[in-house]
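**Q** Can you keep this structure in mind? I'll have questions shortly.
The values are calculated or read from the model by the stated rules, or taken from the named source; none is laboratory data. Since the model is a prediction, treat every value here as computed from it, not as a measurement. Note that we place each Cβ from the backbone using ideal geometry, even for glycine, and neighbour counts take in every protein chain shown.
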Amino acid sequence: AVRAAQQARLSGTVTVGLAPTTSALLGLPLMQAMRARYPDVRLHMVEGMSGHLSAMLHARELDLAVLFDSRLHQAQLAGRTQRWQIQPLLEEDLFLMRGAAAPRLAAEVAITELREEPLILPTGPHGLRSTLDTAFASAGIAPHVVLEVDSLAMVMAAVDAGLGSTLQPWAALGRYPDAATRFQCARLTGAPARRVNLLCSLPDEELSPAALAARVVLLDCARGLVTEGRWIGTSLLAQAPAGIPAP
């Protein structure tokens, strides 16, 4: 009976892609929840920039990923996406971040005040940059980009060293226990100045039962982090999809 029960447990391999900002908050809770609920499922976690994860999902190298591309969101809203299943997950406020030694920031800053701000940003193919480009275009200004860096760790190191400022969600500070004294932040105001997180996966018919279950666990973890106040500056957009195997 014990052997039969063990054989009936959900098993398999699931590959999940998270951007560095997302993995800083969601990665460990997701791994812990999957271990607790589905101990026989092997979880393969991939951290990368949103543009790289998008390419991997296109190549069927990921089962699911959290992506940020504003163009992808617009296509989803217009019903033009066919290759993936896309579900809005949550929205994040964006913050202007400077090093502790830089001129002091107010609690909020309007995007129109950033004409001369020396910014360190990722390059165009990545989701945050597309969101910011849309926001700056809507405000009628061009960002003053002094460095383009496709690594969150290097972006924050450059900001910490005083090489410029950056625009990031609060989750970018998730790996810095001393963030309150090391960086200063001001919430960015002016629409559209929020980043939409999209839970993207292969179509349901291409996903294994283990991958379908992992998608629900990811939704549960994100919901818990937001409702418990552990993911600052976010609001939920998603409901758990129906028809997914329960733990």
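**Q** Is it true that residue 163 is more than 14 Å from residue 95 (Cα to Cα) and among the aliphatic types (A, V, I, L, M)?
**A** yes
**Q** Still on this structure, I have one more. With hydrophobic (A, V, I, L, M, F, W, C), free of Cβ contacts under 8 Å to residues at least 40 places away in the same chain and crowded, with 21+ Cβ neighbours inside 10 Å as the only criterion, which of 53, 28 stands out?
**A** Residue meeting the stated conditions: 53.
**Q** Kindly check whether there is at least one residue in the range 154-161 that is in contact with a strand residue (DSSP E or B) (Cβ under 8 Å, 6 or more places away or on another chain) and at pLDDT below 95.
**A** Within the range 154-161, none of the residues are in contact with a strand residue (DSSP E or B) (Cβ under 8 Å, 6 or more places away or on another chain) and at pLDDT below 95.
**Q** In the range 222-247, what residues are surrounded by 11 or more Cβ atoms within 10 Å (Cβ to Cβ) and modelled with pLDDT under 55?
**A** The answer is 240, 241, 244, 245, 247.
**Q** Kindly evaluate residue 91 against the criterion of being farther than 22 Å from residue 171 by Cα and either in the same structural domain as residue 227 (by TED's automatic domain parsing) or not in a loop (DSSP other than H, G, I, E, B) (or both). Working first, answer last.
**A** Details: farther than 22 Å from residue 171 by Cα: no; either in the same structural domain as residue 227 (by TED's automatic domain parsing) or not in a loop (DSSP other than H, G, I, E, B) (or both): yes.
No: the conditions fail for residue 91.
**Q** Residue by residue through the range 34-85, note down the ones that are β-branched (Val, Ile, Thr) and modelled with pLDDT of 90 or more.
**A** Of everything in the range 34-85, those that are β-branched (Val, Ile, Thr) and modelled with pLDDT of 90 or more turn out to be 41, 46, 66.
**Q** Separate question: What pairs come out if I take residues in the range 109-128 that are closer than 18 Å to residue 18 by Cα and at pLDDT below 90 and pair them with residues that are among the charged types (D, E, K, R) and loosely packed, with under 15 Cβ neighbours inside 10 Å whose C-beta lies under 8 Å away, six or more apart or interchain?
**A** As it stands, the answer is 123/148, since those pairs meet every condition given.
**Q** Continuing with this model, one more query. Take the range 128-178 and flag every residue that is touching a helix residue (DSSP H, G or I) at 6+ places or on another chain (Cβ under 7 Å) and among the basic types (Lys, Arg).
**A** Hit for the range 128-178 is 175, nothing else.
**Q** Need the failing condition index for residue 215 against (1) of a type in the set (D, E, K, R); (2) within 23 Å of residue 26 (Cα to Cα); (3) surrounded by fewer than 20 Cβ atoms within 10 Å (Cβ to Cβ); (4) out of contact with any Phe, Trp or Tyr (no Cβ under 6 Å at 6 or more places or on another chain), just the number.
**A** (3)
**Q** OK, next. Here are some conditions: (1) closer than 23 Å to residue 226 by Cβ; (2) outside the structural domain of residue 50 (by TED's automatic domain parsing). Residue 201 meets all but one. Which one does it not meet?
**A** (2)
**Q** Could I ask something else about it? With the requirement that a residue be under 13 Å from the mean Cα position of the chain (by Cα) and either in a helix (DSSP H, G or I) or in the same structural domain as residue 128 (by TED's automatic domain parsing) (or both), what does the range 33-51 give you?
**A** 50, 51
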